[in-house]
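The block underneath contains the structure these notes are about, expressed in structure tokens.
The values are calculated or read from the model by the stated rules, or taken from the named source; none is laboratory data. Source: prediction; values computed, not measured. Here the Cβ positions follow ideal geometry from the backbone for every residue, glycine too, while neighbour counts run over all protein chains shown. Quick note on the areas: whole protein, heavy atoms, side chains included, nothing else; ligands and nucleic acids left out. Shrake-Rupley method; radii C 1.70, N 1.55, O 1.52, S 1.80 Å.
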Amino acid sequence: MSIVQDWLAAGYDWLKALHVISMVAWMAGLFYLPRIYVYHAERAAVGSELSETFKIMELKLFRLIMNPSMIATWIFGLLMVFANGWDWFVVSYWFHVKVVLILLLTWFHHWCGKRRKDFLADRNEKSGRHYRLMNEVPTLALLVIVIMVIVQPI
């Protein structure tokens, strides 16, 4: 192990705590933003005061909570991987599933960002039903990730 890995390993519990805290904040945003989109699409006429209020809510949630917490989740997660070394990664198939789902959540995060820009420009073409369905993506990913991390079935 390198000096950096030793240092990270010594603070591993702190890395894990910070990873979980940032992940919870990120997931809260991933659950809430599509729900705001449902109401924005269904209840706020383009140019209305309500539509402008939703735009501010969406912006603040995305930029002030979701972006920083996604970045922090990635940083603390990668630091934990580095602290553990790469050997365990090769044989930890549960972790491979987790990584694929984290990549899916990262894609979903950026998809939400694109939809925010559509609303901002008053050119949303998606229905409230579409956002309701998409709102299930982070829920399903979280269920599988938690099972993979806690149970490690594969």
Worksheet entry | Rel. contact order, % - alpha carbon contacts under 8 angstrom, at least six apart, the chain | 38 percent
Fill in: Candidates Thr53, Thr106, Thr73: whichever shows maximal mean-square fluctuation once the chain is modelled as a Gaussian network with Cα springs under 10 Å
Thr53
Worksheet item: Do the sum for the chain: with -39,500 (n - 2.57) for every DSSP H run of n ≥ 4, divided by all residues, what is the mean residue ellipticity at 222 nm, to the nearest 500 deg cm²/dmol?
Response: -27000 deg cm²/dmol
Worksheet item: Out of these labelled values of Kirkwood radius over Cα pairs in Å, [x] 17.8; [y] 16.9; [z] 15.9, which was calculated from the coordinates shown here?
Response: [y]
Discussion item. With +1 assigned to the C-beta of every Lys and Arg and -1 to the C-beta of every Asp and Glu, and no other charges, what is the dipole magnitude of the range 39-105 about the Cα centre in debye, to the nearest 20?
Written reply: 60 debye
Worksheet item: Where only protein heavy atoms count, and the probe is 1.4 Å, what is the accessible area per residue for the chain in Å²?
Response: 59 Å²
Discussion item. For a test of understanding, tell me how many lysine pairs in the chain have Cα atoms under 20 Å apart, given they are 8 or more places apart or on different chains.
Written reply: 8
Item to complete: Taking 7 Å along the Cα-to-C-beta vector as the label spot, tell me the Ser2-Asp87 distance in nanometres, rounded to one decimal.
Response: 1.7 nm
Practice prompt. Take Leu143, project a point 7 Å from its Cα along the Cβ direction, then tell me which residues of the range 18-48 have their backbone nitrogen under 16 Å from it.
Written response: 31
Worksheet item: Separation between the Arg129 and Ser51 pseudo-spin-labels, each 7 Å from Cα along Cα→Cβ, expressed in nm?
Response: 2.2 nm
Worksheet item: Treating the beta-carbon of each Lys and Arg as +1 and of each Asp and Glu as -1, no other charges, what is the dipole magnitude of the range 32-154 about its Cα centre, to the nearest 20 debye?
Response: 200 debye
Item to complete: For the chain, with a Gaussian network of springs between Cα atoms less than 10 Å apart, report the residue from Gly47, Gly128, Gly11 with the top mean-square fluctuation.
Response: Gly47
Worksheet entry | GNM top mover of His130, His19, His40 - the chain, alpha-carbon springs below 10 Å | His130
Discussion item. Ignoring ligands, DNA and RNA, please state the percent of accessible area on the range 1-134 from carbon and sulfur, probe 1.4 Å.
Written reply: 69 percent
Worksheet item: Going toward the positive end of the dipole of the range 1-128, with +1 on Lys and Arg Cβ and -1 on Asp and Glu Cβ, which of Leu64, Gln5, Trp94 do you reach last?
Response: Leu64
Practice prompt. For the chain, return all DSSP H helices satisfying: extent of Cα atoms along own axis at least 24 Å; mean Kyte-Doolittle hydropathy at least -1.0.
Written response: 12-43, 67-84, 93-120
